[in-house]
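Q: Could you have a look at this structure, given as structure tokens, before my questions?
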Amino acid sequence: MKILFIGDVVARAGRDALAKYLPEVRKELSPDVVIVNGENAAHGIGINDKICKEFFDMHVDVITLGNHAWDQREVIPYIEKEGRLVRPINYPEGTPGKGAYIHELSGGRKIMVINAMARLFMDPLDDPFAAVDKIVRAHPMGKAVNAIFLDFHGEATSEKMAMAHYLDGRVSAVIGTHTHIPTADSQILSGGTALQCDAGMTGDYNSVIGMKIDTPIIRFTRKLSMERLSPADGDGTMCGVYIETNDANGKAQKISAVRRGPRLLNA
Ligand SMILES: [Fe+2]
Ligand SMILES: [Fe+2]
């Protein structure tokens with residue numbers, strides 16, 4: 001299965017970059033499934049139903065989230081009825097929405113997309129390792145599904161690497177999100193799980209992780225946070241990861257970084 005994953009789409013610059021570069025990358029790689037992290041799509045914080053529909057109209061199959069999942073309140077009733085919008089699986093019971101979605105391709109092949117949130121330097125949450133382990137055990141690759149993709153949303157590369165090794169051979173890919181900076185560590189572990197600690201954001205890289213530069217500098221240099229962060233609005237770069245898997249056992253055969261746009265070295 002050919003899987004294209006795009007990292008955190010940040011605000012208008014990110015949405016425009018997605019609209020601009022996704023069609024050309026799709027033409028080049030002809031992915032079977034496209035997954036996008038949309039946690040920052042609406043003005044840098046959260047996502048709403050209108051933007052989800054825009055993404056689905058661009059033939060995005062599944063949207064994942066993160067710590068900004070609920071920043072736009074109107075997404076709460078929407079996520080209850082839209083399974084293709086996936087929030088972190090390790091939120092406490094009773095949280096709206098679901099932490100995984102099984103997407104069926106037109107020929108019948110299935111991929112389970114899971115979103116989980118890390119805990120190091122993040123808000124306290126239920127154990128992501130236990131939560132992912134439970135759902136992965138219930139859906140073995142090669143039997144219940146042809147592939148499993150985990151978007152692991154977190155700050156620390158150590159926790160993301162540990163998750164990938166923990167799941168090695170049991171999921172097709174563990175790709176990190178949240179730091180908004182792509183890491184240069186795309187690899188396939190010995191059991192067949194593809195890993196990249198962060199896919200990077202899709203947004204304006206002439207910024208501080210997608211936000212206009214001045215306010216973050218003030219926040220770091222003085223103990224002032226009166227100024228609100230606002231998203232950078234220059235030309236965006238699209239960042240993501242492309243993975244190919246064996247449909248019979250779900251294991252990864254290929255992983256490469258995808259980067260298109262004016263700021264970073266294109267890949
Ligand atoms: Fe993000
Ligand atoms: Fe995040």
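The values are calculated or read from the model by the stated rules, or taken from the named source; none is laboratory data. Only a predicted model underlies this, so the values are computations on that prediction, with no experimental measurement involved. For neighbour counting, all protein chains shown are included, and Cβ atoms are generated from backbone atoms with ideal geometry for every residue, glycine included.
Q: Checking GLY14 against (1) away from ligand 1 (no atom under 16 Å from the Cβ); (2) outside any loop (DSSP other than H, G, I, E, B), which single condition isn't satisfied?
A: The number of the failed condition is (1).
Q: Now for a different question. Which pairs turn up if I take residues in the range 177-189 that are within 15 Å of PHE152 (Cβ to Cβ) and at pLDDT 95 or above and look for partners that are part of a loop (DSSP other than H, G, I, E, B) and more than 13 Å from ligand 1 (Cβ to nearest atom) with beta carbon separation below 6 Å, at least 6 apart in sequence or on another chain?
A: Pairs found: THR183/CYS197; ASP185/CYS197.
Q: Quick one: how many residues across the range 172-219 are assigned to a loop (DSSP other than H, G, I, E, B), closer than 22 Å to LYS251 by Cβ and away from ligand 1 (no atom under 16 Å from the Cβ)?
A: 8
Q: Hey, another quick one. Determine if the range 99-106 includes at least one residue that is touching a strand residue (DSSP E or B) at 6+ places or on another chain (Cβ under 9 Å) and within 16 Å of ligand 2 (Cβ to nearest atom).
A: Scanning the range 99-106 turns up at least one residue that is touching a strand residue (DSSP E or B) at 6+ places or on another chain (Cβ under 9 Å) and within 16 Å of ligand 2 (Cβ to nearest atom).
Q: Here's a check for you: in the range 66-80, which residue that is out of contact with any strand residue (DSSP E or B) (no Cβ under 9 Å at 6 or more places or on another chain) and in a helix (DSSP H, G or I) is nearest to ligand 2 (Cβ to nearest atom)?
A: Only one residue fits best here, namely ILE76.
Q: Scanning for something of a type in the set (S, T, N, Q) and at pLDDT below 95, does the range 109-121 turn up at least one residue?
A: Checked against the condition, which is being of a type in the set (S, T, N, Q) and at pLDDT below 95, the range 109-121 yields no hits at all.
Q: A follow-up question, please. Quick one: which of SER225, SER230, SER256, SER207 is surrounded by 21 or more Cβ atoms within 10 Å (Cβ to Cβ) and out of contact with any Cys (no Cβ under 7 Å at 6 or more places or on another chain)?
A: None of the other options fit; the residue is SER207.
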